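Accompanying notes for the structure given below.
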Amino acid sequence: MSPAPQSGTRLVNSLTALSDPTHQEWLEQVLHLALTHRQQGGRPFAALLVRDNRLVASAVNRMLENGDPTRHAELEVLREGCQQGPLAGTIVYASGHPCPMCLSALVMNGISAVYYAFDNQDAAPFGFDSTASYQRLGLALKPPPLPLIKLPSPIPAATLYGDPSRE
Ligand SMILES: [Zn+2]
């Protein structure tokens, strides 16, 4: 694997200890990565790319670090993951529901499913939802273009998305 960010290295280490992670365990790992990234001053989003229940790549949102609004976690994880092999048939675990830009890339590259913790409704109070973009693009998510599965989160949305200065 190419060098992962510091938080990603810890994540890989902890996942190596798990013999056969469940969807919920992968989700908790991606939330941990997103939360760590936010605590380091980044935007609170992360994604994992998994094939055959093994981690292919992990990434966080790099918008603030790079001033590039396209550097969403899901696109970052595709960029890193495609260096490791074909993307088709992999699973993405994401802290938040993908925005339309990322969802398009996931569909176009044959990702088989996305599991996520927080949907647009959860993210809306914190200004992180992409509902308006979906509406402007006329993209209905029913039926979804690939399985988009929300799993229960062990932390509330406010823990990840809330203003850290108020803690
Ligand atoms: Zn996105």
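The values are calculated or read from the model by the stated rules, or taken from the named source; none is laboratory data. Predicted, not measured: the structure shown is a model, and the values here were computed from it. Cβ sites come from the backbone with ideal geometry, for glycine too, and all protein chains shown count toward neighbours.
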Practice problem: Restrict the check to region 15-25 and report whether at least one residue is at pLDDT 95 or above, hydrophobic (A, V, I, L, M, F, W, C), surrounded by fewer than 20 Cβ atoms within 10 Å (Cβ to Cβ) and assigned to a helix (DSSP H, G or I). | Solution: no
Exercise. May I ask you to list the residues in region 76-110 that are polar (S, T, N, Q) and within 10 Å of the ligand (Cβ to nearest atom)?
Key: Ser104
Quiz item: Pick from Ala117, Ala113, Ala73: which is away from the ligand (no atom under 15 Å from the Cβ) and either touching a strand residue (DSSP E or B) at 6+ places or on another chain (Cβ under 7 Å) or of a type outside the set (A, V, I, L, M, F, W, C) (or both)?
Solution: Ala113
Exercise. Restrict the check to region 130-137 and report whether at least one residue is buried (at least 16 other Cβ atoms within 10 Å of the Cβ), touching a residue at least 12 places away in the same chain (Cβ under 8 Å) and touching a helix residue (DSSP H, G or I) at 6+ places or on another chain (Cβ under 7 Å).
Key: yes
Quiz item: Any residue in region 57-75 that is over 14 Å from the mean Cα position of the chain (by Cα), closer than 20 Å to Glu28 by Cβ and either surrounded by 15 or more Cβ atoms within 10 Å (Cβ to Cβ) or of a type in the set (Phe, Trp, Tyr) (or both)?
Solution: no
